[in-house]
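Below is one structure; the comments refer to it alone.
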Amino acid sequence: MSKTTLFDLDGKIAFVSGASRGIGEAIAKLLAQQGAHVIVSSRKIEGCQAVADAIVAEGGKATPVACHIGEMEQIQAVFAQIREQFGRLDILVNNAATNPQFCHVLDTDVSAFQKTVDVNIRGYFYMSIEAGKLMREHGGGSIINVASINGVTPGNFQGIYSITKGAVINMTKAFAKECAQFGIRCNALLPGLTDTKFASALVKNDSILQMALQHIPLNRVAQPSEMAGAVLYLASDASSYTTGVSLNVDGGYLA
Ligand SMILES: NC(=O)c1ccc[n+]([C@@H]2O[C@H](COP(=O)([O-])OP(=O)(O)OC[C@H]3O[C@@H](n4cnc5c(N)ncnc54)[C@H](OP(=O)(O)O)[C@@H]3O)[C@@H](O)[C@H]2O)c1
């Protein structure tokens, strides 16, 4: 009996935003391990270069590219580069997001509101549009949006962030419905509390952590690598009939 090839990504080109550390780094490394050529992206090229170098050192294929997804002209420039260098894109993982202000929702300042919307909604939206146009030219692809459990149940003092993550869940369904005809699938990953720099204010504070754990049946936070397998499923042929879903990877939190 031969092993399944359902999870193979040989010959695929994948773009992962926010891939210089945390969940995005783990996703980039797993997709590369499965054979994809991964475009490793974030705002700062140094971190992307380090992740790409680590992938190449393990025998994989990776290209580092700087792109601030809150800046429209940087999105345009990165897709011009992808067209010129690769001519196609098979997998887009919208993972980079921002959460600049922890505060009571009534105290949200307008600059934090604008930044969060620009990166988490407009960034995901126009990255998906550019990727979708390229995928349509080549018969299809898979878009994976890293949303959050906060998109279903708002996190305390994370109002505007949670609102943008709720928008990402609905964005996922809109792209799934309208792009299915082009062979493009679009799904969302909803991580629970994961041990990264992003969540360090929660994970590194013992009293906050103990409170959070009371709501997580598996009674621990996730490691970034525990998010990557779900993304591999959504990126690969293993999920060929799956589109428009939100996949909770949250230790049971939303249950
Ligand atoms: N950690 C959690 O508990 C948790 C829970 C639910 C959902 N999530 C979601 O998971 C995703 C990844 O979070 P993480 O925890 O892995 O965060 P992280 O460790 O802080 O990593 C964030 C990554 O995004 C990049 N980045 C930040 N702003 C960017 C921008 N405007 N444009 C492009 N890249 C940008 C960062 O690199 P540069 O600084 O070089 O740009 C870095 O590579 C996010 O969508 C987050 O909302 C996380």
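The values are calculated or read from the model by the stated rules, or taken from the named source; none is laboratory data. In this text the structure is predicted, and so the values were computed from the model without any measurement. FYI the Cβ positions are ideal-geometry reconstructions off the backbone, even for glycines, and counts take in every protein chain you see.
Exactly one of these conditions fails for residue 246: (1) surrounded by 14 or more Cβ atoms within 10 Å (Cβ to Cβ); (2) free of Cβ contacts under 8 Å to residues at least 60 places away in the same chain; (3) not aliphatic (A, V, I, L, M). Give me its number.
(2)
Within the range 65-106, count every residue that is basic (Lys, Arg) and without any contact (Cβ under 8 Å) to a residue 12 or more places away in the chain.
0
Somewhere in the range 174-195, is a residue acidic (Asp, Glu), part of a loop (DSSP other than H, G, I, E, B) and at pLDDT 95 or above?
yes
Tell me which residues, restricted to the range 16-34, are in a loop (DSSP other than H, G, I, E, B) and either hydrophobic (A, V, I, L, M, F, W, C) or near the ligand (Cβ under 9 Å from one of its atoms) (or both).
Answer for the range 16-34, where residues must be in a loop (DSSP other than H, G, I, E, B) and either hydrophobic (A, V, I, L, M, F, W, C) or near the ligand (Cβ under 9 Å from one of its atoms) (or both): 18, 19, 20, 21.
Return the residues of the range 162-186 that are touching a Ser or Thr at 6+ places or on another chain (Cβ under 6 Å) and either within 11 Å of the ligand (Cβ to nearest atom) or not small (Gly, Ala, Ser) (or both); say none if nothing qualifies.
Answer for the range 162-186, where residues must be touching a Ser or Thr at 6+ places or on another chain (Cβ under 6 Å) and either within 11 Å of the ligand (Cβ to nearest atom) or not small (Gly, Ala, Ser) (or both): 164, 165, 169, 175, 185, 186.
Anything in the range 226-255 that is within 18 Å of residue 9 (Cα to Cα), out of contact with any Ser or Thr (no Cβ under 6 Å at 6 or more places or on another chain) and not in a loop (DSSP other than H, G, I, E, B)? List them, or say none.
227, 228, 229, 230, 231, 232, 234, 237, 238, 239
Just name the residue that is nearest to the chain's Cα centre (by Cα) out of those in the range 35-47 that are more than 13 Å from the ligand (Cβ to nearest atom) and either without any contact (Cβ under 8 Å) to a residue 40 or more places away in the chain or closer than 14 Å to residue 198 by Cβ (or both).
38
Identify the single condition in (1) buried (at least 17 other Cβ atoms within 10 Å of the Cβ); (2) within 15 Å of the ligand (Cβ to nearest atom); (3) among the small types (Gly, Ala, Ser); (4) part of a helix (DSSP H, G or I) that residue 201 does not satisfy, given that it satisfies every other one.
(1)
Is there a residue being surrounded by fewer than 20 Cβ atoms within 10 Å (Cβ to Cβ) and part of a strand (DSSP E or B) anywhere in the range 49-62?
Taking every residue of the range 49-62 in turn, at least one turns out to be surrounded by fewer than 20 Cβ atoms within 10 Å (Cβ to Cβ) and part of a strand (DSSP E or B).
Sort through 99, 120, 156 and tell me the only one that's at pLDDT 95 or above, of a type outside the set (Val, Ile, Thr) and not in a helix (DSSP H, G or I).
Testing whether each residue is at pLDDT 95 or above, of a type outside the set (Val, Ile, Thr) and not in a helix (DSSP H, G or I) leaves just 99.
Just checking, which of 156, 248, 145 is of a type in the set (S, T, N, Q) and within 19 Å of residue 36 (Cβ to Cβ)?
Step by step, each of 156, 248, 145 is checked, and only 145 is of a type in the set (S, T, N, Q) and within 19 Å of residue 36 (Cβ to Cβ).
Restricting attention to the range 107-147, which residues are within 16 Å of the chain's Cα centre (by Cα) and free of Cβ contacts under 8 Å to residues at least 12 places away in the same chain?
Within the range 107-147, just 129 meets the criteria.
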